[in-house]
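The next block holds one structure in the form of structure tokens; read it before the comments.
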Amino acid sequence: MNEQQRSQQRDATQPWRAWYKTSRWQKLRWSVLVRDLFTCQMAGCGRIEPNTSLLVADHKQPHRGNEQLFWDEANLQCICKACHDRLKQREERDSMQTRGVWH
């Protein structure tokens with residue numbers, strides 16, 4: 001299965017993924033990036049990134065489909081894509097092993 005097929009499968013089984021495609025999310029993401037001054041909030045990084053395509057509005061506490069957590073600006077932080085892809089994803093995988101399943 002290629003990445004496009006995996007993404008389509010996730011979209012079908014996780015309806016909350018559509019929230020990321022809304023203008024409401026784009027506005028919220030932008031407000032988080034501006035609030036955090038386009039600076040990665042991960043401890044030890046602090047990278048200032050002018051290319052916003054390399055920044056992620058990251059959920060501090062994973063929302064796992066909880067609408068209130070998803071839209072809570074206080075639950076969001078700006079992190080660079082490198083930190084998100086490396087550190088945050090590892091944290092989430094580790095927590096999945098502890099819980100046993102994604103919810």
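Every number in this text was worked out from the coordinates using simple rules, so none of it is lab data. Since the structure is predicted, the reported quantities are computational estimates derived from the model, not experimental observations. Methodologically, a virtual Cβ is constructed for each residue, glycine included, from the backbone with ideal geometry; neighbour enumeration extends over all protein chains shown.
Just want to confirm a number: the relative contact order over the chain, from Cα pairs under 8 angstrom separated by 6+ residues, in percent.
That works out to 23 percent.
So how do 26-39, 5-18 stack up, highest first, on mean other-Cβ count within 10 Å?
26-39, 5-18
If the convex hull of the alpha-carbon atoms of the chain is projected onto planes in all directions, what is the mean projected area in square nanometres?
Over every viewing direction, the Cα hull of the chain projects on average to 7.2 nm².
Tell me what the chain gives for mean residue ellipticity at 222 nm when only DSSP H runs of n ≥ 4 count, each as -39,500 (n - 2.57), the sum divided by the residue total, rounded to 500 deg cm²/dmol.
Value at 222 nm, helices only: -11500 deg cm²/dmol.
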